[in-house]
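Asks: Once you've had a glance at the structure underneath, I'll fire off some questions.
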Amino acid sequence: MASRKSTRSVRLDFSAFFNIVNGGVRGSEKTNHSVDPATGEALPQLPIATKEDVDEAVNAAKVAFSSWSRTPVTERKAALAAFADSFESYTQDFAIMMTKESGKPLRFAVEEAECGPYWVRGMNKLELLDEIISDTPERRVTVRYTPLGVVAAIIPWNYPIQLSFVKLAAALSTGCTIILKPSPFAPYCTLKIAELAQQFFPPGVVQGLHGDEDLGPVLTAHPKINKITFTGSIMTGRKILESASRTLKRVTLELGGNDAAVICPDVDIPEVAQRIADFAFANSGQVCVAVKRVYIHESIYSEFRAALVQATKKLRVGNGFEQGVDLGPIQNELQYRRVCGFFEEMQKQGQRIAVGGGGHSKSSSSGLFCEPTIIDNPGNDARIVLEEPFGKVPAPDLSCPILPIMPWSSEEEVIRLANSTEMGLGASVWTNDLDQGDRIGRQLEAGSVWVNTHMDAAPEIPFGGVKQSGSGVEGGVEGLKAFCNIQTLSVPKEVM
Ligand code: NAD
């Protein structure tokens with residue numbers, strides 16, 4: 001039966017999970033659960049939100065919006081800061097839950113949990129001020145940013161804590177209210193974040209709903225939701241845009257990537273190879289902005305390949321709670337099967353595997369483990385080169401620990417190859433000639449381009465994809481604007 005009780009000032013309990021509606025916890029007649037991908041063990045039961053829960057949450061969010069949007073921004077930011085401080089006191093609890101639900105090694109789960117407060121504090125420093133764009137003897141025109149209203153945040157399974165905070169911090173500081181909808185594969189931390197939030201925000205300002213595959217479409221179609229902020233696959237992004245168009249919701253889409261790293265001939269080979277291995281295989285490759293294709297200058301191809309193989313061999317795969325493990329399992333069975341499909345295809349095609357090459361590695365448990373793998377020059381048209389090996393088949397958006405490497409000879413050629421996919425999330429250039437890095441970087445079709453690093457995101461930096469990798473940005477003042485209407489206010493200097 002549905003139940004409801006207050007959550008105010010109660011120490012969080014990580015053994016029971018609820019939907020969060022209008023300031024209270026909520027059960028459901030229908031429940032399900034997800035599993036620990038390292039062991040296959042069942043995690044706690046979760047209530048599946050009903051249509052009535054959604055309507056009640058949206059109505060509560062709408063009511064809360066009328067006062068939250070008028071609460072001074074300094075007070076909204078103070079509540080966010082207090083929430084972040086409290087969340088920080090639970091870092092270890094959230095990290096343990098994160099390792100259980102996502103499989104990622106505990107030290108990386110701790111890093112992700114630390115990202116929550118980091119993101120709130122960083123976003124709190126940003127200011128979205130009125131801009132006077134015309135000031136004549138006749139009139140003054142001001143551009144103002146007014147909050148959009150009720151936001152639904154639809155979140156994937158790979159970085160649920162970080163992405164919950166990225167969306168929540170921007171929505172709340174601009175004056176919107178938010179309903180968090182986690183992925184059914186990794187919902188636990190996000191629901192607990194929503195539960196903790198009840199101690200710091202009025203009812204309806206932050207809510208959390210877990211459901212099955214029907215819940216996302218109900219939110220995107222809901223007439224009283226004003227904005228969808230979505231992170232996930234390209235294929236789902238298309239469906240969301242289509243559904244949201246019927247009610248003309250505002251939509252931000254952070255979608256899949258197929259990031260290229262361009263390695264120039266003058267790099268320190270062992271050092272850069274190590275960093276490329278880290279950026280390619282972090283979280284077992286299940287990162288939207290992981291390095292997913294490496295273009296190595298032909299003059300250093302063999303030497304770089306050998307160094308990359310060495311760096312990759314050092315990575316330890318296993319249960320994320322074991323000491324010294326670098327890569328946990330693939331997060332869910334569906335994704336694991338996709339990855340296995342890639343391995344089978346590689347074998348059929350006779351691809352040269354420089355290191356790795358299989359699932360079920362290095363662990364005696366039944367977990368969804370997969371060895372980090374490098375494919376040696378599979379050809380520029382290979383599926384593994386053109387698709388993101390993470391997300392959904394058959395869209396060109398499949399992330400996993402399989403990394404293709406290819407040689408290049410001229411700048412013109414490598415720029416063309418790096419730009420040859422439908423995706424454009426991130427890209428990097430590795431060189432000791434910073435002019436060359438800048439020159440190549442400017443020609444790469446990606447939302448974020450880095451020289452001598454990759455995956456470098458921060459609250460003050462707008463982040464988003466070009467081409468099919470997304471629409472709009474999160475982070476930075478531009479990211480705050482995405483939660484606002486633009487109003488131009490024109491006031492005459494004299495009365496009529
Ligand atoms: P997904 O698209 O399958 O699911 C993402 C979310 O959308 C989940 O909460 C899911 O329940 C929901 N959803 C599914 N169908 C829906 C529908 N029809 N309407 C509304 N919601 C729906 O993605 P995933 O497999 O969870 O995550 C992997 C993908 O996310 C990869 O492609 C990865 O590159 C991408 N990603 C992008 C970024 C970024 O910032 N650009 C960050 C992380 C992950």
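The values are calculated or read from the model by the stated rules, or taken from the named source; none is laboratory data. Since the model is a prediction, treat every value here as computed from it, not as a measurement. Methodologically, a virtual Cβ is constructed for each residue, glycine included, from the backbone with ideal geometry; neighbour enumeration extends over all protein chains shown. These area figures cover heavy atoms from the full protein model, side chains too; ligands, DNA and RNA do not enter into them. Shrake-Rupley method; radii C 1.70, N 1.55, O 1.52, S 1.80 Å.
Asks: Compute the orientation-averaged projected area for the stretch 184-343 from the convex hull of its Cα atoms and round it to one decimal in nm². Write down the numbers at each step before the final one.
Replies: Numbers: hull surface 53.2 nm².
Average of the hull's projected areas for the stretch 184-343 equals 13.3 nm².
Asks: Only Lys, Arg, Asp and Glu count, each charged at its Cβ (+1, +1, -1, -1), so figure out the dipole size of the chain about its Cα centre, rounded to 20 debye.
Replies: Numbers: 49 positive and 58 negative charges, 314 e Å.
The calculated dipole for the chain is roughly 1500 debye.
Asks: With a bin width of 10 angstrom, please list the P(r) values of the stretch 448-496 as percents of all Cα-Cα pairs, from the 0 bin to the one holding the largest distance.
Replies: 21, 36, 19, 12, 9, 3, 0
Asks: Taking R0 as 30 Å, what FRET efficiency do you get between residue 314 and residue 409 from their Cβ-Cβ distance, rounded to the nearest 0.05? Before the final figure, lay out the partial values.
Replies: Details: r = 30 Å, r/R0 = 1.00.
Taking R0 as 30 Å, the efficiency between residue 314 and residue 409 is 0.50.
Asks: Mind giving me the FRET efficiency for residue 129 and residue 422? R0 is 25 Å, r the Cβ-Cβ distance, nearest 0.05 is fine. Working shown, then result.
Replies: Details: r = 37 Å, r/R0 = 1.49.
Once rounded, the FRET efficiency stands at 0.10.
Asks: Take the solvent-accessible surface of the protein heavy atoms, probe 1.4 Å, and return the percent of it on the chain that carbon and sulfur atoms account for.
Replies: Working: 10430 of 19900 Å².
About 52 percent, which is the carbon plus sulfur part of the accessible surface.
Asks: With all pairs of different alpha carbon atoms counted, what Kirkwood hydrodynamic radius in Å does the chain show? Numbers along the way, then the final one.
Replies: Details: mean 1/r = 0.0427 Å⁻¹.
Over the chain, the inverse of the mean reciprocal pair distance is 23.4 Å.
Asks: Between residue 199 and residue 486, how many nm apart are label points set 7 Å from Cα along the C-beta direction?
Replies: In this crude label model, residue 199 to residue 486 measures out at 4.1 nm.
Asks: For labels at residue 306 and residue 66 in the simple 7 Å Cα→Cβ model, what's the distance in nm?
Replies: Placing both labels 7 Å beyond Cα along the Cβ direction yields 7.3 nm.
Asks: How many nm is it between the label spots at residue 345 and residue 55, if each spot is 7 Å from the Cα in line with the beta carbon?
Replies: Rounded to a tenth, the inter-label distance reads 4.4 nm.
Asks: As a quick test, which of the pairs 313/348; 77/192; 51/239; 167/493; 104/167; 239/348 have an alpha carbon distance above 29 angstrom in this structure? Mind showing how you got there, number by number?
Replies: Values: 313/348 24 Å; 77/192 21 Å; 51/239 20 Å; 167/493 39 Å; 104/167 22 Å; 239/348 33 Å.
Distance filter (> 29 Å) returns 167/493; 239/348.
Asks: Where the centre of each part is set by its Cα atoms, how far does the stretch 13-67 sit from the stretch 83-110, in angstrom?
Replies: 19 Å
Asks: Per-residue counts of other Cβ atoms within 10 Å, averaged by peptide: what ranking do you get for 32-38, 10-16, highest first? Provide the component values of the computation, followed by the final result.
Replies: Values: 32-38: 20.1, 10-16: 11.4.
Highest to lowest by the protection proxy: 32-38, 10-16.
Asks: A further question follows. To the nearest 500 deg cm²/dmol, what mean residue ellipticity at 222 nm is calculated for the chain from DSSP H runs of n ≥ 4 alone, each contributing -39,500 (n - 2.57), summed and divided by the residues? If you can, show how the numbers build up before the last one.
Replies: On the way: 15 runs with 178 residues, N = 496.
The helix-only estimate for the chain comes to -11000 deg cm²/dmol at 222 nm.
Asks: If contacts are Cα pairs under 8 angstrom and at least 6 residues apart, what is the relative contact order of the stretch 129-222 in percent?
Replies: Rounded, it is 24 percent for the stretch 129-222.
Asks: Here's another thing I want to ask about it. Mean projection of the alpha-carbon convex hull of the stretch 48-136 over all orientations, in nm²?
Replies: Numbers: hull surface 37.7 nm².
If you wrap the Cα atoms of the stretch 48-136 in a convex hull and average its projections, you get 9.4 nm².
Asks: Limiting things to C-alpha atoms, what are the Rg and the maximum Cα-Cα separation (Dmax) for the stretch 424-466, in angstroms?
Replies: Values for the stretch 424-466 (Cα only, Rg and Dmax): 10.2, 28 Å.
Asks: If you don't mind, there's one more thing I want to ask. What are the radius of gyration and Dmax of the stretch 48-94, computed over its Cα atoms and given in Å?
Replies: Expressed in Å, the Cα Rg and Dmax of the stretch 48-94 come to 14.8, 36.
Asks: If you average over every viewing direction, what projected area does the convex hull of the Cα atoms of the stretch 259-458 give, in nm²?
Replies: Values: hull surface 43.3 nm².
Convex hull of Cα atoms, orientation-averaged projection: 10.8 nm².
Asks: Could you state the per residue volume, in Å³, of the convex hull enclosing the Cα atoms of the stretch 288-389? Mind showing how you got there, number by number?
Replies: Numbers: hull volume 11.6 nm³, N = 102.
Each residue corresponds to 114 Å³ of Cα convex hull volume.
Asks: Report the antiparallel proportion of the DSSP beta bridges in the stretch 259-458 as a percent, rounded to a multiple of 5. Walk me through the intermediate numbers first.
Replies: Details: 5 of 27 bridges.
In the stretch 259-458, approximately 20 percent of DSSP beta bridges are antiparallel ones.
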